[in-house]
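Colleague: Sharing a structure with you now.
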Amino acid sequence: MTYNNSDSKKAEAYSASVESEDVLLSNLAKPSIKSFFLPDAVYDKVTDIEAKTLVEMGIRGLALDVDNTIAKYSEDLPAPEIISWIKKLREEGFSLVIVSNSRKQERVPKISRALDLQYIVRAGKPSRRGFIEATRILDMEPKDVAVVGDQIFTDVLGAKRAGCKAIIVYPRGISENPLFRLRRLIETPFIRIAKKSLKGGV
């Protein structure tokens with residue numbers, strides 16, 4: 001088999017990519033780093049999260065992100081499948097609250113009212129402040145609460161800083177904004193590593 005210069009460069013690039021991911025995996029194996037950036041479960045969409053799995057993880061409450069997690073950025077109301085999913089979880093005995101960085105005055109309150117949930121806006125994620133307040137609203141210890149969101153560097157990091165568990169989901173409506181796709185590209189190595197090293201959703 002022969003390779004031209006282009007093939008050689010592609011092979012070198014692939015090798016460098018694999019090596020970079022291996023180095024990242026090695027670094028994330030260190031408890032001090034891993035505990036802050038790797039989620040406890042990864043799902044394609046939020047409605048894939050089932051009550052049974054949450055019980056197995058020791059979770060009784062959820063702190064939900066809004067933008068691209070339970071609603072597309074362009075949506076002012078939750079989709080029917082989101083409403084049904086939350087209703088089912090509440091019937092199973094789970095408590096939920098919304099924690100958002102949004103500064104829009106009407107959007108989060110409107111979505112929260114549609115879901116009959118309390119909410120926290122301008123949470124300052126990845127600050128732990130909003131998540132600690134969420135645990136107070138839920139009247140639960142942080143270890144019993146999971147943060148559900150679509151971003152490693154806000155939702156997962158903030159959850160871990162607050163002592164909560166973290167569940168990452170693929171963003172709803174990611175194709176609507178090229179910046180979302182760029183952000184997801186940056187976060188992809190962490191998500192790949194989580195899928196390889198953690199048990200949970202896929």
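Only the coordinates and a few stated rules stand behind these numbers; no lab work does. All values derive from a computational prediction rather than experimental measurement. Neighbour counts run over all protein chains shown; Cβ positions are idealised from the backbone, glycine included.
Colleague: Please arrange ILE98, ILE168, ILE137 by counting, for each residue, the other beta carbons lying within 10 Å of its beta carbon, fewest first.
Modeller: Final ranking by Cβ density, sparse to dense: ILE137, ILE98, ILE168.
Colleague: Give me VAL169, VAL42, VAL147 sorted ascending by neighbouring Cβ count inside 10 Å, so fewest comes first.
Modeller: Fewest-to-most Cβ neighbours within 10 Å comes out as VAL42, VAL169, VAL147.
Colleague: Show me, for segment 100-115, the HN-Hα J-couplings you get by feeding each phi into the Karplus relation (A = 6.51, B = -1.76, C = 1.60, θ = phi - 60°), rounded to Hz, glycine and proline as x.
Modeller: In residue order, the calculated couplings are 10, 8, 4, 10, 6, 5, 9, 4, 5, x, 5, 5, 5, 4, 5, 9 Hz.
Colleague: Output ³J(HN,Hα) for segment 150-155: one whole-Hz value per residue in order, computed from phi by the Karplus curve 6.51 cos²θ - 1.76 cosθ + 1.60 with θ = phi - 60°, and x for Gly and Pro.
Modeller: 10, 10, 5, 7, 10, 6
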